[in-house]
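Worksheet for the structure shown next.
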Amino acid sequence: MSTSRPVPTALCITESAASRLADRAAREGTSCTTLLDRLIHEGVDQLDHPGIVFRGPLHDRRAALTAGPEVWEVVARLRELDGPLERRIAVLSAESDLHASKIRLALAYARAHGGEILERIARNREAAESIRRAGVRMTAPPSRPSALGGPPGVWPVRIV
């Protein structure tokens, strides 16, 4: 989400919308203003990029493909592959259940939100390195294979 400073804004919404907003904010343990800010950001992003949804806890929301992996995972995997972008898209599509159009959607979102996606990839890589340095062996649960056809976890990062 945005870290820009708040701007006082007066909005007129229906009573039912205000009630639903207050109920949801209370269930999430947050303020109506914070919830409304998140809903606006995520809603506009979903309008701009149909097929993108948001997952994760309130403090760690992540863009993902509907019924698919998170955007950062798609970008990280594409960066691992060799060759021109269209070839990498074809390879990723062939090795996963992702249609090329979904991969392009993830890339479009990533282009619009590059810093957020690159930060997520870097944090994931750092976490994996920390685990490797600690000598912890991790295995994926057998019931959840990677949606991208490769091993779950971190892939080496290369610029798309």
What tally of residues in the range 65-97 results from selecting those that are open to solvent by 20 Å² or more (accessible area, probe 1.4 Å) and in a helix (DSSP H, G or I)?
-> 13
Just to be sure, is S96 over 12 Å from the mean Cα position of the chain (by Cα) and within 28 Å of E126 (Cα to Cα)?
-> yes
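For (1) farther than 19 Å from L98 by Cβ; (2) at pLDDT below 90; (3) in contact with an Asp or Glu (Cβ under 7 Å, 6 or more places away or on another chain); (4) open to solvent by 80 Å² or more (accessible area, probe 1.4 Å), each residue gets a yes or a no:
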position: R120; (1), (2), (3), (4): no, no, no, no
position: R123; (1), (2), (3), (4): yes, no, no, yes
position: P145; (1), (2), (3), (4): no, yes, no, yes
position: G149; (1), (2), (3), (4): no, yes, yes, no
position: G153; (1), (2), (3), (4): no, yes, no, no
position: P156; (1), (2), (3), (4): yes, yes, yes, yes
Within the range 98-115, considering residues that are in contact (Cβ under 8 Å) with a residue 12 or more places away in the chain and among the charged types (D, E, K, R), the one surrounded by the most Cβ atoms within 10 Å (Cβ to Cβ) = K102
Take the residues of the range 9-55 that are crowded, with 16+ Cβ neighbours inside 10 Å, touching a residue at least 40 places away in the same chain (Cβ under 8 Å) and not β-branched (V, I, T): which is farthest from K102 (Cα to Cα)?
-> D45
Going by the conditions given, is L58 open to solvent by 70 Å² or more (accessible area, probe 1.4 Å) and in contact with an Asp or Glu (Cβ under 8 Å, 6 or more places away or on another chain)?
-> yes
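The values are calculated or read from the model by the stated rules, or taken from the named source; none is laboratory data. Treat the numbers as computed from the prediction; the structure is a model and nothing was measured. Here Cβ is always computed from backbone atoms with ideal geometry, including for glycine, and neighbour counts include all displayed protein chains. We work out accessible area using only protein heavy atoms, side chains counted, and drop any ligands, DNA or RNA first. Shrake-Rupley method; radii C 1.70, N 1.55, O 1.52, S 1.80 Å.
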